[in-house]
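Read the figures in this text as sums done on the coordinates, not as results from a lab. Computed from a predicted model, the values in this text were never measured in an experiment. Note that we place each Cβ from the backbone using ideal geometry, even for glycine, and neighbour counts take in every protein chain shown.
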Amino acid sequence: MKTRGQAVTDKILDTAERLFYTQGYHATGINQVIEEADIAKGSLYKHFTSKADLMAGYMQRLHTQWYERLTAFIGQVADPKAKLLAIFDHHTERQHTRQFGGCPFIKAGNEAGMADARVLAGIQQAKQQFKALIKDLVERSGHQGVLSDRDLSELIYLLVEGAVSAASVFKQTADLKSAQTIVQQLL
C-alpha cells in the first residue's frame with residue numbers, strides 16, 4: 001500500500017513524465033505540472049524543490065521503470081541469442097506505445113542534460129546499463145564469432161539506438177526489423 005506522500009510523488013512524476021516527453025522540458029512549466037497533477041503548489045515543492053529536481057526525479061524513475069520493462073520483456077525467452085533479438089521487439093513495441101516519439105533519455109538529454117549534471121549522469125547510467133546487458137548476452141550467446149564479443153556488443157547497441165532514432169524520424173519500425181535481421185545473421 002502506498003503512503004499518501006508516495007501517491008502524491010507518483011502523481012507528480014506521472015504528470016511530469018507525460019508533459020516532459022510530449023511537449024519537452026523547457027516548454028513545460030511548474031504551474032502546468034501542478035495544475036494537471038491537480039495538486040497544491042506546496043505539495044510539489046514538498047517533494048521536489050525545483051523544476052530541475054523534478055527532472056532528476058523523473059529521470060531516476062524512468063531509468064528504473066525502463067530497465068524493469070526491458071528485462072521483463074526479454075526474460076520471457078531463455079536463450080541469450082533470443083534475448084538479444086527480443087531487445088528489438090521490445091523497442092518496436094515501445095515505439096508504438098510512445099507513438100514514435102523516440103527515446104525519452106535522448107529527448108531529456110537534448111533539453112536538460114547540459115544544464116543539470118544529474119540528468120546527464122542518469123542518462124549515461126541508463127545507457128551504460130543497457131550496454132552491459134547486451135555485452136552479457138553476447139558473451140553467453142555462443143555467436144558465430146564473425147566479430148569479437150566487444151565489437152558485436154557495440155554493434156548491437158548502436159543498431160538499437162540508431163533504429164530507435166530512425167523509427168522516431170520516419171514514424172515506422174522497419175529499421176528496427178532490419179537491424180534485428182542483421183543481428184540475427186551475426187548470431
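Annotation: lysines with alpha-carbon distance below 25 angstrom to LYS41 (same-chain offsets under eight excluded): LYS2, LYS11, LYS51. With no solvent and one equal point scatterer per Cα, compute the Debye intensity ratio I(q)/I(0) for the stretch 115-187 at 0.17 Å⁻¹ and report its log10, rounded to two decimals. Taken in order of the listed q values, log10 I(q)/I(0) reads -0.71.
Any chance you could give the angle, 0 to 90 degrees and rounded to 10, that helix 174-186 forms with the longest Cα principal axis of the chain? Approximately 40 degrees, to the nearest ten. If I fit a long axis through the Cα atoms of helix 4-23 and take the longest principal axis of the Cα atoms of the chain, what angle between them do I get, 0 to 90°, rounded to 10? Value to nearest ten degrees: 70. With axes computed from alpha carbons, what is the tilt in degrees of helix 80-97 against the longest principal axis of the chain, rounded to the nearest 10 within 0 to 90? Relative to the chain, helix 80-97 is tipped by roughly 40 degrees.
Answer rounded, prolate or oblate for the stretch 1-49, using the Cα gyration tensor with square roots of eigenvalues a ≥ b ≥ c: rounded when a/c is under 1.5, else prolate when a/b is larger than b/c, else oblate. Could the numbers behind the result be given before it?
Details: a/c = 2.35, a/b = 1.60, b/c = 1.47.
Prolate.
How much net charge surrounds VAL77 when only the other residues with a Cβ under 12 Å from the Cβ of VAL77 are counted, with Lys and Arg +1 and Asp and Glu -1? Net charge around VAL77: 0.
Based on the Cβ-Cβ distance from ILE182 to ASP14, what FRET efficiency comes out when R0 is 30 Å, to the nearest 0.05?
On the way: r = 37 Å, r/R0 = 1.22.
Efficiency for this residue pair is about 0.25.
Per-residue 3J(HN,Hα) values for the stretch 141-153, derived from phi via the Karplus relation 6.51 cos²θ - 1.76 cosθ + 1.60 with θ = phi - 60°, read 7, x, 4, 4, x, 4, 10, 5, 4, 4, 5, 5, 4 Hz in sequence order (x marks Gly and Pro). So, R0 is 35 Å and r is the distance between the beta-carbons of SER165 and ALA72; what FRET efficiency does that work out to, to 0.05? That pair, SER165 with ALA72, gives E of 0.90.
Cross-link partners of LYS171 among lysines, defined as those whose alpha carbon lies under 19 angstrom from its own and excluding same-chain residues fewer than eight positions apart: LYS107. Placing +1 on the Cβ of every Lys and Arg and -1 on the Cβ of every Asp and Glu, with nothing else charged, gives the stretch 55-186 a dipole about its Cα centre of roughly 240 debye.
Take every Cα pair under 8 Å whose residues are at least 6 apart in sequence, average their separation, divide by the length of the stretch 55-186, and the relative contact order is 31 percent. Which of the lysines could a cross-linker bridge to LYS81, judged by Cα under 19 Å and excluding same-chain residues fewer than eight apart? Straight-line reach from LYS81, under 19 Å: LYS131, LYS135, LYS177.
Calculated from the structure at hand, P(r) over Cα pairs in 10 Å bins from 0, in percent is found among [x] 9, 34, 38, 16, 4, 0; [y] 10, 36, 29, 17, 7, 1, 0; [z] 9, 33, 31, 18, 8, 1 as [z].
Spin-label pair ALA40-GLU154: with each label point 7 Å from Cα along the Cα-Cβ axis, the two points sit 5.5 nm from one another. When both the stretch 98-117 and the stretch 7-26 are represented by their alpha-carbon centers, they are found 13 Å apart.
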